[in-house]
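The values are calculated or read from the model by the stated rules, or taken from the named source; none is laboratory data. Computed from a predicted structure; not experimentally measured. Cβ: placed from backbone, ideal geometry, glycine included. Neighbour counts: every protein chain shown. Note: areas computed on protein heavy atoms with side chains; ligands, DNA, RNA excluded. Shrake-Rupley method; radii C 1.70, N 1.55, O 1.52, S 1.80 Å.
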Amino acid sequence: MSTDGGKHEIGEVLLEMRGLRIEGQSDEQWHEIVNGIDLTLRRGEVLGLIGESGAGKSTIGIASMGFARPGCRISGGTIVFDGIDMTAASEETKREIRGSRIAYVAQSAAASFNPAHKLIDQYSETPVQHGILKAAEAEQDAKDLYRRLQLPDPDNIGYRYPHQVSGGQLQRAMTAMAMSCKPDLIIFDEPTTALDVTTQIEVLAAIKDVVRQSNTAAIYITHDLAVVAQMADRIMVLRYGDLIEEGDAREMIANPKEDYTRQLLAVRTYKKEDTAAAPSERPLLDIQDVSAAYGKTLLVLQDIDLKVERGRTVAIVGESGSGKSTLARAITGLLPPLKGKVLFDGEELPASYKARTRDQLRHLQMIYQMPDTALNPRQKVRDVIGRPLSFYLGMDSQAREKRILELLDMIELPADFADRYPGELSGGQKQRICIARALAANPEVIICDEVTSALDQLVAEEILKLLQRLQDDLGVTYLFITHDLATVKAISDEIVVMLQGRIVAQGEKQEILTPPHHEYTELLLSSVPEMDPDWLDGVLEKRKAAQ
Amino acid sequence: MTKILTMVAQRLALGLLTLFVVSLIIFLGIELLPGDLTEAVLGQSATPETVAAFRRELGLDLPPHTRYIEWLGGVLQGDFGKSLANEREISELIGVRFANTLFLAAIAAVISVPLAVTLGVLAALYRNSFFDRSINVVTLSSISFPEFFVAYILILFLAVNANIFPSISNVSADLALWERVYRVMLPALTLTLVVVAHMMRMTRASIINLLASPYIEMANLKGLSRSRIIVHHALPNALAPIINVIVINLAYLVVGVVIVEVVFVYPGLGQLFVDSVIKRDVPVVQASCLIFAATYILLNLTADVLSILSNPRLLHPK
């Protein structure tokens, strides 16, 4: 049954898992992380596995190759690939199947290519080592595939080392590597998650195209329902190692049966009410003509002018390398700007944080992307939140204790969390602690640097709602740095679009999001995957027509 | 490429600076030694007149900084002065001895480096197996014994009991290469036993360290054999730490052989160094120290450069 109308035939059963159980080891004990999953995949079919982190989707994906990551083991059930029982097969049999008949495309191509060898050598290695092709034949194949995957300069790009090509190109080179032995099945493990949206769309198109043309079966693993909608014929929704729902892709997106699937689908529908603010004489934060560089020469911010009004949320959006985080560092004085000035409430702040007074520091607080690294694992929550209370506000222990409880209440965590260590908290809870730490200083402005990027979608949405509630209650101003346009739509009042260290568009949310857009804003907006399974083909056709 | 050349030039300059500081420390250290050199050399015939005359002859009546500058100036032109003990040119005296020491170090390195790396790779390949454990125990035991003990054990078994190798490594320039290799075999084996553990364990640890990397998982999922994964995918990325340890051990083979040379009465620089200290032949001691220091610095410099070259990001910039 074909869903995309392409040359795409679904044949007999290729992979069948029955009652698959996988255990993971932690604290010297084995816990089940996949609890009896049944999975059937036919030749030429693309199956999407979706779920949040901890759902077991990656683990199931590589289990089809008879492989369990170190610290994991397949503890029950059967995995039959084309008549071969992968759970009972010898290491030698499994080794022969891996790479040649089942191939794997990893999430981070940058980490999964060996830095010491050229791309084409890593491509040829699989067919040559499996005795399928000679090195010269494999290299010729590689060039053909690079061309089909629309890599630039396909005849020569293979002779580069992994660090010499971009992330999107690497991801395509890895897809090519997976196809080197014309496998029956490819496991795509979040292949576009680490990419920018504009790069993601190219890679998605390339993957979809080659999978369709070669009629390979595929398991496509992702946490992004909109992405899987573009790729899969059938979808399995997983949570904590259990199957929640399974069905035809279009059918499921149109009519989800389970609550959890509905939640996943409904995610990112949260939206702040539009409010217009009159520009005031004296904006809370006024950034004038700021340029900044790392070292003396590498200019990463150029002539930034930005005004932030009190109580508003300004979203700074751009792809990696656009300078948005550098802007945060320039404002907070972590990276003193080369030129320009930063005014807070009409008063010029010293360029470096070292020269700022304690009160000036207090007004600007930051929340970071990785709550794991932003919290000291050896400090209890009480100490994490209590430190700014004594440092900025000089509270004694009694007042501090009272305030810590108030803050925990504000971030919707019970009072006994004060005695916990960060290691005992989930990702979302840790990010809440980071928010509480920022709030403890009673700041005017909080700079949120990709605060939801490392979190699962449902958790991220809760964090956004919390931030909004805090703004409504306390009138704090947010500078919200993100690459995720859905987050921007959800939380911002104003949007600033950055590209290569410059602001290319800025204005009220409605104004930026309604056409006509700036060319780059248009590219960004049109690259965000939508739930509609025909979205990818539609966008690509439109772009082709425009050229 | 120019980036690498500037980097090498920088390291080289830094190495020269270090050597200069070392020369200063050697000179000052010897200056601070108690006792009077002239009295020690003259012994019974040390009357105030002879001592004064001798001091004048050696230039010891001049202030220290003048003597240092003169000494350094001489060294820069390859002139280390004359030995006090036998009046011979030190450069001549040391030249032969140093060549002998390098020869012994080279033989030891040729045996120990391939052995250590191979054992390390095998231990990583079969880690936690019986082989891995026993190789660990054996190499650790051999490094834990003092060198002279290892040397005497080897003499006992290989020279006295089995009579395979000579117990005294008496070599001279006129011997054929093969004969020389044969005669230095026991000291070379002693040194091998001393240095192999360190290099082997570093090779094993660096490789195992990398086995958790995503590209090793990828190699596994490409269906490659274990040996190919270790040798082709892990080893090239583990080179930098391995090179560093190898070079430190090579430096040790050159400058740390004093005891082994004494035990086997091998005419190397270490032996000369010990003799000269006993005879208070200060110019020779100074010169030997300086040569040891230079060897150490040069080898570490080589390690730096090789580690840089083993990093594809630096070797093949964008």
Query raised in the report: Of the residues that make up region A:311-319, is at least one open to solvent by 70 Å² or more (accessible area, probe 1.4 Å) and at pLDDT 90 or above?
Result: no
Requested in this report: Would you confirm whether any residue within region A:67-75 is buried (at least 17 other Cβ atoms within 10 Å of the Cβ), among the β-branched types (V, I, T) and away from every other protein chain (no Cβ under 14 Å)?
Outcome: yes
Query raised in the report: If you check every pair at least six apart or on different chains, which have Cβ atoms under 8 Å apart with a residue in region B:153-179 that is free of Cβ contacts under 8 Å to residues at least 12 places away in the same chain first and a residue that is surrounded by fewer than 16 Cβ atoms within 10 Å (Cβ to Cβ) and part of a loop (DSSP other than H, G, I, E, B) second?
Result: B:I153/B:F145
Requested in this report: Of all residues in region A:460-482, count the ones that are surrounded by fewer than 18 Cβ atoms within 10 Å (Cβ to Cβ) and under 14 Å from the mean Cα position of the chain (by Cα).
Outcome: 0
Query - Residue among B:N220, B:N249, B:N244 that is in contact with a strand residue (DSSP E or B) (Cβ under 8 Å, 6 or more places away or on another chain) and not aliphatic (A, V, I, L, M) - result: B:N220
Query raised in the report: Do you know which residues across region A:41-59 are farther than 19 Å from A:I102 by Cα and surrounded by fewer than 23 Cβ atoms within 10 Å (Cβ to Cβ)?
Result: A:E52, A:S53, A:G54
Query - Condition check for B:N209: within 14 Å of chain A (Cβ to nearest Cβ), free of Cβ contacts under 8 Å to residues at least 40 places away in the same chain and open to solvent by 50 Å² or more (accessible area, probe 1.4 Å) - result: yes
Requested in this report: Please report, ordered by residue number, the strands (runs of 3 or more DSSP E) entirely within region A:178-274 with at least 2 residues that are among the β-branched types (V, I, T).
Outcome: A:185-189, A:217-222, A:234-239
Query - Set B:L186, B:L239: member being closer than 17 Å to B:L115 by Cα, facing chain A (nearest Cβ under 9 Å) and either in contact (Cβ under 8 Å) with a residue 24 or more places away in the chain or open to solvent by less than 30 Å² (accessible area, probe 1.4 Å) (or both) - result: B:L239
Query raised in the report: Just to be sure, is B:G78 among the small types (G, A, S) and part of a helix (DSSP H, G or I)?
Result: no
Query raised in the report: Looking at A:A116, A:A111, which one is within 20 Å of B:S227 (Cα to Cα), free of Cβ contacts under 8 Å to residues at least 60 places away in the same chain, within 29 Å of the chain's Cα centre (by Cα) and facing another protein chain (nearest Cβ under 8 Å)?
Result: A:A116
Query raised in the report: Given (1) without any contact (Cβ under 8 Å) to a residue 60 or more places away in the chain; (2) away from chain B (no Cβ under 14 Å), where does A:I201 come up short, assuming only one miss?
Result: (1)
Report summary line: Filtering region A:344-365 for residues that are open to solvent by 30 Å² or more (accessible area, probe 1.4 Å) and among the hydrophobic types (A, V, I, L, M, F, W, C) leaves a count of 3
Report task. Considering every residue within region B:69-85, establish whether at least one is aliphatic (A, V, I, L, M) and under 30 Å from B:L177 (Cβ atoms). Result -> no
Report task. Kindly indicate the residue of region A:24-35 that is in a strand (DSSP E or B) and open to solvent by 40 Å² or more (accessible area, probe 1.4 Å) and also modelled with the lowest pLDDT among those meeting that condition. Result -> A:S26
Query raised in the report: Given the residues B:R280, B:R204, which is the only one that is more than 13 Å from chain A (Cβ to nearest Cβ), charged (D, E, K, R) and buried (at least 22 other Cβ atoms within 10 Å of the Cβ)?
Result: B:R204
Query raised in the report: For region B:92-124, which residues satisfy the criterion of being under 15 Å from B:R201 (Cβ atoms) and either crowded, with 17+ Cβ neighbours inside 10 Å or of a type in the set (S, T, Y) (or both)?
Result: B:S112, B:V113, B:A116, B:V117, B:T118, B:L119, B:G120, B:V121, B:L122, B:A123, B:A124
Query - Failed condition for A:T87, given (1) part of a loop (DSSP other than H, G, I, E, B); (2) within 14 Å of another protein chain (Cβ to nearest Cβ); (3) open to solvent by less than 60 Å² (accessible area, probe 1.4 Å) - result: (2)
Requested in this report: Please work out which one of (1) surrounded by 14 or more Cβ atoms within 10 Å (Cβ to Cβ); (2) under 23 Å from B:L290 (Cα atoms) is the condition B:H65 fails and give its number.
Outcome: (1)
Report summary line: Conditions (1) within 14 Å of chain B (Cβ to nearest Cβ); (2) at negative phi; (3) open to solvent by 20 Å² or more (accessible area, probe 1.4 Å); (4) not basic (K, R) -> A:D38 fails only (1)
Query raised in the report: Here is a list of conditions, (1) part of a helix (DSSP H, G or I); (2) loosely packed, with under 11 Cβ neighbours inside 10 Å; (3) polar (S, T, N, Q), and B:T50 meets all of them except one; can you say which number that is?
Result: (2)
Report summary line: Within region A:90-100, residues at the interface with another protein chain (Cβ under 9 Å from one of its Cβ atoms), assigned to a loop (DSSP other than H, G, I, E, B) and open to solvent by 10 Å² or more (accessible area, probe 1.4 Å) come out as A:S100
Query - Index of the failed condition, A:R172 passing every other in (1) touching a helix residue (DSSP H, G or I) at 6+ places or on another chain (Cβ under 9 Å); (2) more than 13 Å from chain B (Cβ to nearest Cβ); (3) open to solvent by 40 Å² or more (accessible area, probe 1.4 Å) - result: (3)
Query - Odd one out for A:L425, checked against (1) touching an Asp or Glu at 6+ places or on another chain (Cβ under 6 Å); (2) at pLDDT below 90; (3) of a type in the set (A, V, I, L, M) - result: (1)
**Report entry** Test for A:V488: is it surrounded by 21 or more Cβ atoms within 10 Å (Cβ to Cβ) and more than 30 Å from A:T198 (Cα to Cα)
**Finding:** no
Requested in this report: Give the residue, chosen from B:L290, B:L306, B:L224, B:L299, that is within 14 Å of chain A (Cβ to nearest Cβ) and either touching a residue at least 12 places away in the same chain (Cβ under 8 Å) or of a type outside the set (S, T, Y) (or both).
Outcome: B:L224
